[in-house]
1. What about Ala77, is it of a type in the set (Gly, Ala, Ser), at pLDDT below 90 and under 25 Å from Ala10 (Cβ atoms)?
2. I'm trying to understand the selection: among the residues of region 68-104, which are within 18 Å of Glu30 (Cα to Cα) and without any contact (Cβ under 8 Å) to a residue 60 or more places away in the chain?
3. Would you be able to say whether some residue in region 96-114 is assigned to a helix (DSSP H, G or I) and of a type in the set (D, E, K, R)?
4. Here is a check on your reading of the model: is Ala16 assigned by TED's automatic domain parsing to the domain that holds Val117 and without any contact (Cβ under 8 Å) to a residue 60 or more places away in the chain?
5. Can you tell me which residue is farthest from Met46 (Cα to Cα) among those in region 143-186 that are part of a loop (DSSP other than H, G, I, E, B) and among the small types (Gly, Ala, Ser)?
6. Of the numbered conditions (1) surrounded by fewer than 16 Cβ atoms within 10 Å (Cβ to Cβ); (2) in a helix (DSSP H, G or I), Asn62 fails exactly one; give the number of that condition.
7. Out of all the residues in region 125-176, which are surrounded by 13 or more Cβ atoms within 10 Å (Cβ to Cβ), among the small types (Gly, Ala, Ser) and over 28 Å from Leu29 (Cα atoms)?
8. Out of curiosity, is Tyr48 crowded, with 16+ Cβ neighbours inside 10 Å, farther than 18 Å from Lys133 by Cα and under 19 Å from the mean Cα position of the chain (by Cα)?
Amino acid sequence: MKELLELYVAFLRIGAVNFGGGYAMLPLLERDLNEKRHWTTTEELMDYFAIGQCTPGVIALNVSTFIGYKRKKIPGALAATIGFLTIPIMIILVISAFLTNFADLPVVKNAFAGIRVCVCVLIFQAVLRLWKKSVPDNIALILYLVIFAVTVFSGLLPVKVPAAVLVITAGIFGVIWQTARERRRQA
């Protein structure tokens, strides 16, 4: 029960400051869950983010659920998920009650403009951290550039390529590439 409460409180704190979504949350997760608590590794976090991107729902919530499940199976997943959701739900309820009355005030518009800038910086920081771990060699760089090009220029292509197809294709490529690499090492 103590570990479930610890999971709940850890994700309650993370959920309370999770502005900007899952990628903005990555530095906080690395610091709190990797370095401080040793509940996960950076590689596991990247895997959770990749899976969280491909599964229905919010990435940050999915990652919380995965980490909770890793720690204490279904009760841990529930504790982490509920912990992560508690404060955001309370904040959303309060904001929704008052936002319609204040949304047009210049101070509110300016605050949201500042928050958007901060969120962009947090996401950029998360992308740089992911980059360092996810693009370790030239083959990974080529895969990155191909997927980036397909994504950027998808509006010019005759058929729009869904993100899920790109993720699945990259996963299949990763399996083939790493298997071939292992075979070469063993030969």
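The values are calculated or read from the model by the stated rules, or taken from the named source; none is laboratory data. These numbers come from a predicted model, not from an experiment. Here Cβ is always computed from backbone atoms with ideal geometry, including for glycine, and neighbour counts include all displayed protein chains.
1. no
2. Within region 68-104, Tyr69, Lys70 meet the criteria.
3. Residues of region 96-114 that are assigned to a helix (DSSP H, G or I), as a first pass: 96-102, 106-114.
Pick out the ones that are also of a type in the set (D, E, K, R) and you get 109.
Scanning region 96-114, I find at least one residue that is assigned to a helix (DSSP H, G or I) and of a type in the set (D, E, K, R), so the answer is yes.
4. Spelling it out, it is not the case that Ala16 is assigned by TED's automatic domain parsing to the domain that holds Val117 and without any contact (Cβ under 8 Å) to a residue 60 or more places away in the chain.
5. Residue satisfying both the conditions and the ranking: Gly155.
6. Looking at each condition in turn, Asn62 falls short on (1).
7. Answer for region 125-176, where residues must be surrounded by 13 or more Cβ atoms within 10 Å (Cβ to Cβ), among the small types (Gly, Ala, Ser) and over 28 Å from Leu29 (Cα atoms): just Ser154.
8. Numbers: crowded, with 16+ Cβ neighbours inside 10 Å: yes; farther than 18 Å from Lys133 by Cα: no; under 19 Å from the mean Cα position of the chain (by Cα): yes.
Here the answer is no, as Tyr48 does not meet what is asked.
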